[in-house]
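*Asks:* Questions regarding the structure given below will be posed in turn.
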Amino acid sequence: MSSNNLWQICHKKKVTNKFVTSKVVAELRCRHFSPKEVAMKLDIPTERVRNWYYKNVGMTAYDLILLINHYDFFKPS
């Protein structure tokens, strides 16, 4: 097996920022949080949260840290 094919096999399951954001947004939607409510609680611009919800734009690491600190269901048990 060539090293190029091996590299492709190993890196196909790479977790991307958009994948993590889609999972986080799915959890927020499941719990019926609106983008405006999330933006107010995290004190970040509403447009940035709307981008996660509707435009499939990945969130920043800072946004993820704010979510983990504010919502208990994102904390590891």
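*Asks:* Mind listing whichever residues of the range 45-77 are over 10 Å from the mean Cα position of the chain (by Cα), closer than 18 Å to residue 26 by Cβ, in a loop (DSSP other than H, G, I, E, B) and of a type in the set (S, T, N, Q)?
*Replies:* Once the filter is applied, which keeps residues that are over 10 Å from the mean Cα position of the chain (by Cα), closer than 18 Å to residue 26 by Cβ, in a loop (DSSP other than H, G, I, E, B) and of a type in the set (S, T, N, Q), the range 45-77 yields nothing.
*Asks:* Here is a further query. In the range 35-77, which residue that is exposed (fewer than 13 other Cβ atoms within 10 Å of the Cβ) and small (Gly, Ala, Ser) is farthest from residue 22 (Cα to Cα)?
*Replies:* The extreme case among them is 77.
*Asks:* Is there any pair linking a residue in the range 14-29 that is among the charged types (D, E, K, R) to one that is part of a loop (DSSP other than H, G, I, E, B), with Cβ under 7 Å and at least six apart or on different chains, and which?
*Replies:* 18/56; 18/58
*Asks:* Consider residue 19 against the criteria (1) among the aromatic types (Phe, Trp, Tyr); (2) surrounded by fewer than 16 Cβ atoms within 10 Å (Cβ to Cβ); (3) in contact with a helix residue (DSSP H, G or I) (Cβ under 9 Å, 6 or more places away or on another chain): it satisfies all of them except one. Which criterion is unmet?
*Replies:* (3) is the only condition that residue 19 fails.
Laboratory data are not the source of any read-out in this text; all were calculated from the coordinates shown. Given the structure is predicted, the values throughout are model-derived calculations rather than measurements. Note: ideal-geometry Cβ built from the backbone for every residue, glycine included; neighbour counts use all protein chains shown.
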